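> Input: one structure, supplied below.
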Amino acid sequence: MPDKKPHAPAASAPQPTPASPARHNDSLGLPNPRHEKRVPPDITREQVARIRHAAFALPQVVKPADYLADHGPGFEEHLDKLGLVLLQKAAGGARPSRWIEPALMEVALAHIAAVGQGPNVRTLMNERTAALEALGVSRHAGQFTRLISHTLQIMVNDDAPAWRMPVLFRVPVAAAPVWAFYRSGDAAALQAALGSPPPYPHAEALQAHLESLVARSLEHKPKHIDTLLPRLQSECATPQGAAELQAACSRAQERWEHRATELDTLEGLNSELAFQGYPDTFEKARQLQRSVTLYVGPPNSGKTHAAFERLAQAMDGAYLAPLRLLALEGRDRLVARGVPCSLLTGEENVPADQARVVSSTIEMVGTNKPIDVAVIDEAQMIFDNARGWAWTQAIVAVPANEVIIICSAYAVPAIENLLGLCGERCTVRHFERKQHVQLLPHPVPISALQLGDAVVAFSRRDVLMLRDQIAASGHPVSVIYGALPPEVRRREAERFSSGESHILVATDAIGMGLNLPIRRVLFSTMSKFDGQGDRPLGESEVHQIAGRAGRFGMHDEGFVGVLKEAEPAAARMLRELLPQTPRAPQDFKAPVAPNGWHIETISARLHRNALREVLGVFVGQLQLDNAHFAVAELDQMLELAEQLDRSAAKLTLKERFIYAQAPVDTRTESQLQAFLDWSSSHTLTGRAGRPWFLDEVDGHSRLDRMEQALRACTLWLWLDLRFPGVYGHVDEVHALRGQLNDGIERQLKGKRPLAQVRQRSGGHRPR
């Protein structure tokens, strides 16, 4: 393992930077010449070059995201207007620009003099940043602040113990001791400089306000008073201004009061409720006293196995998976334990005789029938821009007496806060990984690949290109990527598990639940296409994928590294990312998507029948809770709604809303047009007609053509499940899908290069 300590001069304190002669008319070589006049006059060209060279490891250097939360117009211009100096321009969407405050250039030079510019300095700075964050110290918009917790004791009544109410708030921190810590790593000196945490300055006013809310609540609904505590705790755990915090607590109490009334009167949800609190729109879940446990740990720590052991003992229950493949595996796990289990995914409903458990994809969660146990898998995906709403809905809405949520550690605070808004608390059960993953010291060439290696790429094109290169070296290869149907993925995984194939080439699909005998995970690249452009991998993605190495019971140890054929910076990027702890997005709000009830309520109240308009109201005007919830990414739904309002306007609003949620590959023009033609035919004749793929594709077609047809089969079955009698041809579609699965498997097992794959144009595509 490489030494984590940089090669730095042995000095207890930074040496002063020698005085430099004043500059004359020499150019400083900055990317923006206008910024040269912002540089202090005693900073020389050589010193500027030193700062620029060390920019990616200097804590004084910032990115635009350190000042602005999101990309947008004026993202770079904002820092320019603030008078900062541009050190490094952004690089192709993969690397943000780097800036520095002119006044910090002397501090940066002192920092370089103290810690040097060795290859491990960046890792060391990441470690010290993490140490600061552990103390609550962070920097935003050029200002250091410290996160403080101050606990209030809120009296309820004479017979009950006082409520502990931790209040989180931020206080400014002087920059000098923080820069000194970055130079020396002296935590004791930093803590001495920080001093004792101050009390919350508005404690008296907040305590009085909270006690007045409690008194009001006791007068209104005393028997439900215990469910008010976690709601208030969730608000106090969000740092905000004193007035804003009091207002947020008042709103939380009002939502609680409304909910308590609903429980007592057993009245249904009214048209106003959705505008006041999202969790309370799920009546069945709120009527239960749910017991919630978080199973927390890294990949290969046994948390999923433990969850299935509990589910197998349940009177009835549900397993909620992120992928159809994992729903299939979940059903097989339970059946192997002698537990009859049904399967429910977006495209199929396969009931089992005497089934007491259903294994389903997360979007298919049932919210109306109470069950004994529910297991929600991969809950850190609540942070996913496109699908996170499904985990929000499942966590809030599943009506189970016992809820088990499987997640990574960095997702725990967000899930705890979400449960608090439901008036619920949870326990956390930690799982430790049984083996550690070691970083390989050197890149591995393709010619040195071994049995049990998994090579990771992030596009179909790259997966198949690597498959051809590795197969040419004599190794049988299995491949797994997103466009493959679950049945083929499973077959490819089985070939690798049995040893029929030696090497696995896969996208990050292997990072989610697949149990494979992988000894070494090797990255072929450290960037991926995210729908907009190539971006570097994040630490959570690296940990999730790397965690598949060294599966317990299969290998005694696991390793992670990069291919020698990867980009030159790949090894360095992996070395820097692997020791970092995955973190939740800053200022995260749980994503929420509309359901049928929202659509019908908005339509009735506003007398609108155009789906695009109704969804626009939900996105633009429906304020669920600004502090805790955000509208999910609905770009595709909005696009489809607009087209459906034109092509299928005679369908009911509910029917168009169902269509707008369909898994259409809008990047494929032919599939989008076929989808619109089917919905239009449904409008005019009550039948969708005969699908094109039944007559145009078979198991001997080109690989890309078969993949396209399989996506169309999935879409057709999804629609048939929701519109019985309109689509039909189900037996023919299932038969064709079987042929296509076999045909794809034959091509993937073939030893000759797939020429048509390598000729595909258009660059990287999402999996």
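Since every read-out is calculated from the coordinates, none of them should be taken as a lab result. Keep in mind the model is a prediction, meaning the values are calculated, not measured. So basically every Cβ, Gly included, is an ideal-geometry build from the backbone, and we count neighbours across all protein chains shown.
> Using a 10 Å cut-off around each Cβ, can you sort M315, M573 from fewest to most neighbouring Cβ atoms?
Ordered by Cβ neighbours within 10 Å, fewest first: M315, M573.
> Hey, another quick one. Just the number: Rg to Rh for the chain, Cα atoms, Kirkwood Rh, two decimals.
0.98
> If you don't mind, another one. Compute the convex hull volume of the Cα atoms of the range 282-430, divide it by the residue count, and report the result per residue in Å³ as a whole number.
104 Å³
> When D377, D353 are ordered from fewest to most other Cβ atoms inside 10 Å of their Cβ, what list results?
If I rank by nearby Cβ atoms, fewest first, I get D353, D377.
> Relative contact order for the chain: what percent, with Cα pairs under 8 Å and sequence separation of 6 or more?
Relative CO of the chain lands at 10 percent.
> May I pose another question? With no solvent and one equal point scatterer placed on each C-alpha of the range 437-577, evaluate the Debye formula and give log10 I(q)/I(0) for q = 0.09, 0.11, 0.15 Å⁻¹, two decimals.
Computed log10 I(q)/I(0) values: -0.23, -0.34, -0.66.
> Quick one: Kirkwood hydrodynamic radius for the range 50-183, alpha-carbon pairs, angstrom, one decimal?
17.1 Å
> Order the peptides 173-181, 56-64 from the highest to the lowest mean number of other Cβ atoms within 10 Å of their residues.
Ranking the peptides 173-181, 56-64 by packing returns 56-64, 173-181.
> If you place +1 on the Cβ of every Lys and Arg and -1 on the Cβ of every Asp and Glu, how big does the dipole about the Cα centre of the range 590-758 come out, in debye to the nearest 20?
240 debye
> Could you give each residue of the range 443-452 its phi-based ³J(HN,Hα) in whole Hz, using Karplus coefficients 6.51, -1.76, 1.60 with θ = phi - 60°, and x for Gly or Pro?
x, 10, x, 4, 5, 9, 5, 10, 4, x
> Rounded to the nearest 5, what % of the DSSP beta bridges within the range 282-430 are antiparallel ones?
10 percent
> Also, I was wondering about something else. Taking the Cα centre of the chain as the origin, how large is its charge dipole in debye, to the nearest 20, when only Lys and Arg (+1) and Asp and Glu (-1) carry charge on their Cβ atoms?
1900 debye
> Positive end of the dipole of the chain, charges at C-beta (+1 Lys, Arg; -1 Asp, Glu), about the Cα centre: which of V396, M526, L653 has its Cα farthest in that direction?
M526
> Report the net charge of residues surrounding P582, where surrounding means a beta-carbon distance below 12 angstrom and charges are Lys +1, Arg +1, Asp -1, Glu -1.
Residues close to P582 contribute a combined charge of -1.
> Within the chain, what percent of beta bridges assigned by DSSP are antiparallel, to the nearest 5?
30 percent
> May I ask you to order 439-447, 465-473 by the average number of other C-beta atoms within 10 Å around their residues, highest value first?
Per-residue Cβ counts within 10 Å, averaged per peptide and sorted highest first, yield 465-473, 439-447.
> If each residue's Cβ is checked for other Cβ atoms within 10 Å, how do L84, L68 rank with the fewest at the top?
Fewest to most other Cβ atoms nearby, the residues stand as L68, L84.
> Where Lys and Arg each count +1 and Asp and Glu each count -1, what net charge lies around Q380 among other residues with Cβ under 15 Å from its Cβ?
Result for the local shell: -4.
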